[in-house]
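Just below is one structure, and these are the notes that go with it.
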Amino acid sequence: MSYRYQLAGVYDRMLCFGLIRPEAPFKNLDYSHGRMCTLNENSLNEKFGSGMIWTDFDGNDVLSTSLPKDLSQNRDWCTMTGNRTTISDYPEWTNLVDGALLAHMDTPEAQQELQRRQRDIEMEPCISYEEAWEVENEIAALGCPSCSQATLETESCLGGKNVYLGTEVCPFGICIRAGTCSYPYGSVQSAHNAFPSNSVFYLAPKTYDEPGSVLLTRRGLYTCDRKDGSGSALIK
């Protein structure tokens, strides 16, 4: 997890930077599920934004469709001009490995992983409150968004998911429906049936021609929040 989120919180930080809608099911203390869209830092489309909502990545109040910008560094992507690459959302929850389990595994691979984690802890200690807000003050001085510290609270588990809809990906004639940005659902009804209440459904602009009636029986938000001129989402 980036130090940018340690004190500010995942949800609060992403909301402050205009990367998500307020209703998006994220927590302040959280890892990623790997569902968000891949972004090419060499050509960012601010009207497409994060894929959840349009985003003014460079904070100049102008939405570009081909902006070169480094978003990857831990300080402030509003002003970053470093190396650009393609960044993907990594499924951290899926790849978590219990350290206690590793300690009981008598294999060279397990011991190497434990040693690597110990080195990481020694090399990258937690950022202090003073260090974190020194960065915040530098960001504010540059005219970039200055985000407040997250409120200390006990967060309950989230029930809803972030779900993407669009053109289904069907390699070799077999459609992969995961509800991620890379593998979206093509049917509103199917996506609704597959995910729990309080999910947020991000519809790519297109016509969703559903067979029969669409019956939505669980609470959720359906949105198509883009400014790229690609049209609206129509459910028929």
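Any read-out appearing in this document is the output of simple, stated calculations on the displayed coordinates, not a laboratory observation. Since this is a predicted model, take the numbers as computed values, not measurements. With ideal geometry, Cβ positions are generated from the backbone for all residues, glycine too; neighbour counts draw on all protein chains shown.
Before moving on, here are some points about what is shown:
- Estimated FRET transfer efficiency when R0 is 41 angstrom, pair residue 152-residue 60 (beta carbons, to 0.05): 0.75
- Extension gain from residue 110 to residue 227, taking 0.36 nm per residue of separation minus the Cα-Cα distance: 37.3 nm
- The ranking of 16, 157, 147, 170 by Cβ neighbour count inside 10 Å, starting from the fewest, reads 157, 170, 16, 147.
- Near residue 68, once Lys and Arg are set to +1 and Asp and Glu to -1 for all other residues with Cβ below 11 Å from its Cβ, the sum equals -1.
- Annotation: extensible slack from residue 40 through residue 197 equals 53.3 nm (criterion: 0.36 nm per residue apart, minus Cα-Cα distance).
- Cleavage-rule hits (trypsin sites (Lys or Arg not before Pro)) in region 190-235: DSSP loop, at most 11 neighbouring Cβ within 10 angstrom: 219
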